[in-house]
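Dumping the structure here so I can ask a few things about it.
The values are calculated or read from the model by the stated rules, or taken from the named source; none is laboratory data. Bear in mind that the values here come from a model prediction, so they are computed numbers and not experimental data. Ideal geometry is used to build each Cβ from the backbone, glycine not excepted, and the neighbour counts take in all protein chains shown. Ligands, DNA and RNA are stripped out before the accessible areas are found, and what is left, the full protein with its side chains, is counted by its heavy atoms. Shrake-Rupley method; radii C 1.70, N 1.55, O 1.52, S 1.80 Å.
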Amino acid sequence: MGYKVVVAGATGNVGREMLNILAERQFPADEVVALASRRSLGTEVSYGDKTLTCKDIEGFDFSGYDIAFFAIGSDATKKYAPIAASQKCVVIDNSSLYRYDPEIPLVVPEVNPEAVDRYTNKYIIANPNCSTAQMVVALKPLHDRARIKRVVVSTYQSVSGTGKEAIDELWNQTKGLYVPGQEVAPSVYPKQIAFNVIPHIDVFLEDGSTKEEWKMVAETKKIVDPSIKLTATCVRVPVFVGHSEAINIEFEDHLDEAEARDILREAPGVMVIDKREAGGYVTPVECVGDYATFISRIRQDSTIDNGINLWCVSDNLRKGAALNAVQIAETLGKRCLKKG
């Protein structure tokens with residue numbers, strides 16, 4: 001007997017990707033229901049070779065359903081997740097609402113699968129921020145070997161992390177720069193994104209960092225180790241899909257680049273593409289549609305005693321969101337629910 005599954009926010013980028021991945025990975029679901037807001041009622045979405053018609057999330061009865069994937073933003077999640085959880089339907093939430101609640105597990109299955117065991121605290125499991133998810137997949141196996149003291153990360157994040165309107169803005173601005181009279185002013189972003197980079201993701205905090213940067217710090221501590229010190233600079237770049245990160249890691253113990261490369265080659269969810277030649281690395285274009293977190297440019301940092309630099313690329317709609325959520329469900333099933 002398989003699972004009864006709900007995907008809330010099924011018409012959005014992440015919701016659609018969740019449906020795609022559930023079908024691709026042949027998640028053992030006997031029933032899959034697509035939910036959306038009332039304005040999207042009746043919209044059709046694909047699930048493998050099937051077409052689902054979206055139902056209204058308002059008033060939906062979650063009783064009898066095992067797992068609900070939420071990709072509807074924090075405000076709507078705050079309203080509907082407790083309703084689903086109260087009916088013993090486990091919510092796997094892609095918003096930031098519950099990530100920092102100490103009673104709610106924040107899970108990347110390659111890193112802390114045992115955390116799903118605590119799902120009964122509130123019947124909610126949080127999915128981490130996209131930039132954190134891919135980074136910790138790379139950090140954890142290295143941390144297990146040499147203990148990480150400090151991480152300095154600069155991100156190069158695609159516009160799909162903001163949503164469809166941002167994808168459209170990049171597309172239309174790019175075209176508009178070549179067609180007189182069709183210029184497009186910034187609306188989603190505070191500055192032009194076409195042929196530009198913007199060192200500003202989410203709101204600014206009092207200390208000058210942005211909330212996106214704060215998320216990477218807080219989530220790495222919760223998922224991997226609270227003793228890790230991390231500083232981040234998060235940048236939006238004119239790429240449609242795929243987040244990239246330049247990561248500098250300082251360890252307590254010595255770790256040479258050859259051993260780091262070997263460790264990462266064996267790490268779950270990681271693909272090492274690291275040739276010291278033109279094109280011997282992965283860029284966002286190549287990672288789109290793939291499950292892996294790709295690691296390239298592994299090299300020693302000669303400015304500190306125990307340092308490694310690396311380049312990390314992943315499809316943010318997959319590992320950064322939808323794939324990780326489905327992997328959480330798979331882990332929950334194997335460890336706790338045991339259906340299918």
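Would you please classify the overall shape of region 61-128 from the alpha carbon gyration tensor, given that a ≥ b ≥ c denote the square roots of the eigenvalues, rounded means a/c under 1.5, and beyond that prolate means a/b larger than b/c while oblate covers the rest? Display every interim value, and only then the final one.
Numbers: a/c = 1.82, a/b = 1.30, b/c = 1.40.
Verdict is oblate for region 61-128.
Starting from the amide H of Val33, placed 1.01 Å from N in the peptide plane, find each other amide H under 5 Å away whose residue is 5 or more places distant or on another chain.
Hits under the 5 Å cutoff: Val5, Val6, Val7.
Here's another thing I want to ask about it. Determine the gain in length on full extension of the stretch Ser46-Tyr100; use 0.36 nm per residue of separation and subtract their C-alpha separation, reporting nm with one decimal.
Numbers: separation 54, 0.36 × 54 = 19.44 nm, distance 3.26 nm.
Stretched fully, the Ser46-Tyr100 segment lengthens by 16.2 nm.
Can you work out the Karplus-derived ³J(HN,Hα) for every residue in region 83-99? Use 6.51 cos²θ - 1.76 cosθ + 1.60 with θ = phi - 60°, whole Hz, and x for glycine or proline.
Going residue by residue, I get 5, 5, 5, 5, 9, 6, 9, 6, 8, 10, 9, 8, 7, 8, 4, 10, 4 Hz, with x marking Gly and Pro.
With the Cα gyration tensor of region 92-136 giving a ≥ b ≥ c as the square roots of its eigenvalues, does the rule (a/c under 1.5 for rounded; else a/b larger than b/c for prolate; else oblate) give rounded, prolate or oblate?
On the way: a/c = 2.27, a/b = 1.30, b/c = 1.74.
In terms of gyration-tensor shape, oblate.
So if R0 is 56 Å, what FRET efficiency would Ser86 and Arg276 give, r being the distance between their Cβ atoms, rounded to the nearest 0.05?
Numbers: r = 55 Å, r/R0 = 0.99.
That gives a FRET efficiency of 0.50.
Counting only protein heavy atoms and a 1.4 Å probe, tell me what percentage of the chain's accessible area is made up of carbon and sulfur.
Accessible surface attributable to carbon and sulfur in the chain totals 50 percent.
Only one of the listed values, (1) 20.2, 63; (2) 20.2, 60; (3) 23.7, 93, was derived from the coordinates as Rg and Dmax of the Cα atoms in Å; which label is it?
(2)
Still on this structure, please answer the following. Quickly work out the Asp225-to-Asp305 label distance, labels modelled 7 Å from Cα along the C-beta direction, and quote it in nm with one decimal.
1.5
Still on this structure, please answer the following. Have a look at region 139-282 and give its Rg and Dmax from the Cα atoms, expressed in angstrom.
18.3, 59
Between Thr120 and Lys164, what is 0.36 nm times their sequence separation minus the Cα-Cα distance? Round to one decimal in nm. Spell out each step's value before the answer.
Numbers: separation 44, 0.36 × 44 = 15.84 nm, distance 3.40 nm.
Gain in length upon complete extension: 12.4 nm.
Holding the Cα-Cα limit at 31 Å, pick out from Lys221/Lys319; Lys122/Lys215; Lys140/Lys175; Lys4/Lys149; Lys79/Lys175; Lys50/Lys339 the pairs that are longer than that. Spell out each step's value before the answer.
Details: Lys221/Lys319 19 Å; Lys122/Lys215 22 Å; Lys140/Lys175 41 Å; Lys4/Lys149 43 Å; Lys79/Lys175 39 Å; Lys50/Lys339 22 Å.
Those over the limit are Lys140/Lys175; Lys4/Lys149; Lys79/Lys175.
Considering amide H positions built from the backbone, and no H for Pro or chain starts, which residues 5 or more places from Thr233, or on another chain, come under 5 Å of its amide H?
Val153, Ser154, Thr155
What is the set of long-range amide H partners of Val91 at a cut-off below 5 Å, with H atoms built 1.01 Å from backbone N?
Under 5 Å from the amide H of Val91: Ala68, Ile124, Ile125.
Only Cα pairs within less than 10 Å get springs; with that Gaussian network setup on the chain, which residue of Gln300, Gln26, Gln157 has the largest fluctuation?
Of Gln300, Gln26, Gln157, the most mobile in the Gaussian network model is Gln26.
Could you tell me which of rounded, prolate or oblate describes region 251-340, using a ≥ b ≥ c as the square roots of the eigenvalues of the alpha-carbon gyration tensor, with rounded for a/c under 1.5 and, failing that, prolate when a/b is larger than b/c and oblate otherwise?
Details: a/c = 2.93, a/b = 1.64, b/c = 1.79.
Oblate is the answer for region 251-340, as a/c is 1.5 or above yet b/c matches or exceeds a/b.
OK, next. Which whole number of Å³ per residue matches the convex hull of the alpha-carbon atoms in region 22-95? Could you put the intermediate results ahead of the total?
Working: hull volume 6.8 nm³, N = 74.
Hull volume over Cα atoms, normalised by residue count, gives 92 Å³.
Mind jotting down the distance between the C-alpha centroids of region 152-196 and region 280-340, whole Å?
Here the answer is 25 Å between Cα centres.
If you don't mind, another one. Using a 10 angstrom cutoff on alpha carbons, build the Gaussian network for the chain and name the most mobile of Lys79, Lys149, Lys140.
Taking springs between Cα atoms under 10 Å, the residue moving most is Lys79.
Something else now. When the distances between all Cα atoms of region 227-289 are binned every 10 Å from zero, what whole-number percent does each bin get?
14, 40, 38, 7
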